[in-house]
Amino acid sequence: MSRFIISDHDYTTGFQQVDYLDLTKSIFEQIKRERLVIAPEFITDADEIKKIIEKNSSLRINFGWAFKSRNHFTEIMEECIEEIVPLYDIYAGQMVSDNKCSWLGFVPFNAFEKVLYEKLSSYSLVLFNNELINFQIKVIEFIIEHEIFKKHAILKDKRYRFNFFKSVRKNSVALCNAYRYYLDAIHEIEELDSISTDKLEEDIGCHFLYQPDLYFELLEFSILKGEINGRQ
């Protein structure tokens, strides 16, 4: 079984929990998973814990934007499966998306996968549940730290882009690097040789209010290189 598939049909339902990813917050804060405590007064009977595991295994994370192509998403997930899944193999079910490539879903365990924990003690079920959550968090963290994802986010996620530039707007070197990173994302993700001055100003112009001379210096150089064309 492939660990990750992109369905040719739209997925609209089928997940116990749906969350929208906010890159300005920690993953742990956003994903309201039900962790369990290993203590006699907190551990319920095995059947109740299995219900919690079944619920926790089903999760959809919406990015708020779509990958430029399914190849971008597939490349990230292939690397993720190679690096993360071996660390949590017993907890790693199937992950899915559809042609929109705007979300990741953790599919609920099927009957064959449930055999992995069907006969575990309550104590072991608690460990299984918590490691399942750890696996999901590690996968999401891997995705959002991947360079392909971050370059999509700098172009498509307005809140992320604003915070990214805001954090460096008073540091000329860091701001230059952020400007370069944005243009590199345009070339690599959007596959555009150049963009309009209007687009540049709309996306990142406000972050150069403290350093307007730097902006015009970078802009002039980008125009000479053909990366920025006229207003549209």
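The values are calculated or read from the model by the stated rules, or taken from the named source; none is laboratory data. Just so we're clear, the structure is a prediction, and the values are computed from it rather than from any experiment. With ideal geometry, Cβ positions are generated from the backbone for all residues, glycine too; neighbour counts draw on all protein chains shown.
Data for the structure
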| quantity | calculated |
| --- | --- |
| From SER167, SER102, residue being polar (S, T, N, Q) and within 11 Å of the chain's Cα centre (by Cα) | SER102 |
| Selection from region 34-83 of residues that are touching a helix residue (DSSP H, G or I) at 6+ places or on another chain (Cβ under 7 Å), surrounded by fewer than 20 Cβ atoms within 10 Å (Cβ to Cβ), part of a loop (DSSP other than H, G, I, E, B) and not acidic (Asp, Glu) | ARG35, ILE38, ILE43, TRP65, LYS68 |
| Failed criterion for ARG180 (all others in (1) surrounded by fewer than 20 Cβ atoms within 10 Å (Cβ to Cβ); (2) modelled with pLDDT under 95; (3) touching a helix residue (DSSP H, G or I) at 6+ places or on another chain (Cβ under 9 Å) hold) | (2) |
| Residues being touching a helix residue (DSSP H, G or I) at 6+ places or on another chain (Cβ under 9 Å), over 18 Å from HIS152 (Cβ atoms) and either basic (Lys, Arg) or assigned to a helix (DSSP H, G or I) (or both) - total across region 202-216 | 7 |
| Every residue from region 95-116 that is out of contact with any Gly (no Cβ under 7 Å at 6 or more places or on another chain), of a type outside the set (A, V, I, L, M) and surrounded by fewer than 19 Cβ atoms within 10 Å (Cβ to Cβ) | ASP98, ASN99, LYS100, SER102, ASN110, PHE112, LYS114 |
| Some residue of region 42-60 being among the aromatic types (Phe, Trp, Tyr), modelled with pLDDT under 90 and in the same structural domain as TYR11 (by TED's automatic domain parsing) | yes |
| Top-ranked residue of region 86-129 - restricted to ones that are of a type in the set (A, V, I, L, M) and touching a strand residue (DSSP E or B) at 6+ places or on another chain (Cβ under 8 Å), ranked as nearest to TYR20 (Cα to Cα) | LEU104 |
| Residue match in region 185-196 (condition: at pLDDT 95 or above and loosely packed, with under 13 Cβ neighbours inside 10 Å) | no |
| Residue in region 7-25 that is assigned to a helix (DSSP H, G or I), surrounded by 12 or more Cβ atoms within 10 Å (Cβ to Cβ), assigned by TED's automatic domain parsing to the domain that holds ASN110 and modelled with pLDDT under 90 present | no |
| Unmet requirement for VAL96, which otherwise passes all of (1) part of a loop (DSSP other than H, G, I, E, B); (2) in contact (Cβ under 8 Å) with a residue 60 or more places away in the chain; (3) hydrophobic (A, V, I, L, M, F, W, C) | (1) |
| Among (1) surrounded by 15 or more Cβ atoms within 10 Å (Cβ to Cβ); (2) within 29 Å of SER58 (Cα to Cα) - the single one LYS119 does not satisfy | (1) |
| Residue in region 107-119 that is under 23 Å from the mean Cα position of the chain (by Cα), in a helix (DSSP H, G or I) and at negative phi present | no |
